[in-house]
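Written below as structure tokens is the structure these notes are about.
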Amino acid sequence: MTDFEVQRLGLIMAPQPGNPLEANGVLNPAAVRGPDGHLYLFPRLVAKGNYSRIGIARVLFNGDGSPTGVERIGIALEPEADYELRPDGQGGCEDPRVTFVKPLGHYVMTYTAFSPRGPRIAVAVSDDLLKWRRLGLATFEPYDSLEFDGIDNKDASVFPVAVPDPFGKPALAMLHRPLFPGTRPEEKAGNSEYTVEDLHRESIWISYRDISLEACESNRLCHFTSHHRLAAPVAPWEILKIGGGTPPILTPLGWLLIYHGVSEVEGSICYSAGVMVLSTENPSQVLYRSPTPLLTPQESQERLGIISNVVFPTGIDQRSDLGMADRFNVYYGMADDMIGVIRLSIPERLPH
């Protein structure tokens, strides 16, 4: 095999009939193995009024090891903090990613808090995936004259181990995508005069903070002090916007992540997914990016829904349990309505 290969495994979770917590969709789940070895999803559950909670579900597998459905367990987080609630009754805890961070000995959840100020990155931690403790909103030191605080921000995930920061020191690293004014797909679509004036405002960023136990106590875990611009839109399939997807996972190729890109297709916005591989030793270095998308909206559940033409990857599971370290299951949102899963097989070496 010389390239990344994808096989659709189908629908894994849909709104439960009669369940008001899921009336407007289940989507964009985190995926992580628990202390018991089972795989857990943390889907965004959307009730009427765009009120979102983060649920917990255990993935069910058949005899061949393919995922077939889920068992709902409960709620991980629902809007309680002031940064998760809005005066108009909306609000939410949305689009989580979960990683077990070995130096901290905790599961770390990054999620979007939908507050009166707009979407912001929030952080919570857990020892068992069932009980979660909020740490608050992520905050960022300025990068030169570029301010991150006060800017809408989404699609965050963290690395499972310490990685070197720009000064070569071990750090907790977060991928995130600040949404500066003028960089949203809706603002760029159909604008023939649009030109990228500042790549710093178009990009996925990687930000760092000291990984020492003392520095990572309590809410100080949320403050990131140094940054690097990782990747800006390049290929036609991602030209309107790129953003994070699955948390980075270490492979023989490097740090693998599945990210999303947005383009305009036949007058409408289309979300697709691609592969990015970062250097093992220096994750701020991009080794590979998909010249064409890995996954595009093709199935009816991906083309028609709450927001049509969307595939949005957020969870990844390496199938080491099957003795297949080169195989992954990727869980993704389908048209902001349901959750699908694909099988991803990676090559022995990076394609040209």
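Shown in residue order for the range 87-97 are the 3J(HN,Hα) couplings computed by the Karplus curve 6.51 cos²θ - 1.76 cosθ + 1.60 at θ = phi - 60°: x, 7, x, 7, x, x, 10, 9, 6, x, 10 Hz (x for Gly and Pro). Averaging the sequence gap over all C-alpha pairs within less than 8 Å and six or more residues apart, then dividing by the number of residues, gives the range 196-352 a relative contact order of 15 percent. Only loop residues by DSSP count here, and only those with at most 12 other Cβ atoms within 10 Å; note down the GluC sites (Glu not before Pro) in the range 229-326 that meet that. Passing both the DSSP loop test and the Cβ count: E266, E281.
Overall, the accessible surface of the chain at a probe of 1.4 angstrom is composed of carbon and sulfur to the extent of 50 percent. A simple rule links phi to the HN-Hα coupling: the Karplus curve 6.51 cos²θ - 1.76 cosθ + 1.60 with θ = phi - 60°, which for the range 8-15 gives 5, 9, x, 6, 10, 7, 10, x Hz, with x for Gly and Pro. Cα centroids of the range 282-352 and the range 146-189: 20 Å apart. Less than 5 angstrom separates the built amide H of A76 from those of I54, G55, I56, all sequence-distant by 5 or more or on a different chain. In the context of the full protein assembly, I151 retains an accessible surface of approximately 30 Å², using a probe radius of 1.4 Å and ignoring ligands and nucleic acids.
Build a GNM of the chain with springs between Cα atoms under 10 Å apart, and of P283, P43, P236 the one that fluctuates most is P236. For the range 1-93, trypsin sites (Lys or Arg not before Pro) meeting the loop criterion (DSSP other than H, G, I, E, B) and having at most 12 other Cβ atoms within 10 Å: K48. Taking the chain as a Gaussian network, Cα atoms linked when under 10 Å apart, which of S157, S203, S320 shows the biggest mean-square fluctuation? Between S157, S203, S320, it is S320 that shows the largest mean-square fluctuation.
Here Cα extents along the principal axes in Å was computed from the coordinates, and among (1) 61, 56, 32; (2) 51, 47, 43; (3) 65, 49, 28 the match is (2). Per-residue ellipticity at 222 nm from helix content only, as computed over the chain with -39500 (n - 2.57) for each DSSP H run of at least four residues, stands at -500 deg cm²/dmol.
Annotation: per residue accessible area for the range 254-320 equals 38 Å², rounded to a whole number [probe 1.4 Å, protein chains only].
Couplings for the range 104-116, taken from phi via the Karplus curve 6.51 cos²θ - 1.76 cosθ + 1.60 with θ = phi - 60°, read 8, x, 9, 7, 10, 9, 10, 8, 8, 9, 9, 10, x Hz in order; Gly and Pro are left as x. Loop-located trypsin sites (Lys or Arg not before Pro) in the range 101-135 (DSSP state not H, G, I, E or B) with no more than 11 neighbouring Cβ atoms inside 10 Å: K131.
Each Cα pair under 8 Å and six or more residues apart adds its sequence gap; the mean of these over the residue count of the chain is a relative contact order of 17 percent.
In the context of the full set of protein chains, residues of the range 1-131 present 41 Å² of accessible surface per residue (probe radius 1.4 Å, heavy atoms only).
Just checking the listed ones, A232, A81, A57: in the Gaussian network model of the chain with Cα springs under 10 Å, the one fluctuating most is A81.
Pairs with C-alpha atoms separated by more than 32 Å, drawn from the list K48/K241; K48/K102; K102/K188; K131/K188, are K48/K102; K102/K188; K131/K188.
Note on the range 75-140: Cα convex hull, mean projected area over all directions, 4.7 nm². Cα centroid distance between the range 1-64 and the range 233-260, in Å? About 20 Å separates the Cα centre of the range 1-64 from the one of the range 233-260.
The values are calculated or read from the model by the stated rules, or taken from the named source; none is laboratory data. Computed from a predicted structure; not experimentally measured. Backbone-built Cβ (ideal geometry, glycine too); neighbour counts: all protein chains shown. For accessibility, only protein heavy atoms count, side chains too; no ligands or nucleic acids. Shrake-Rupley method; radii C 1.70, N 1.55, O 1.52, S 1.80 Å.
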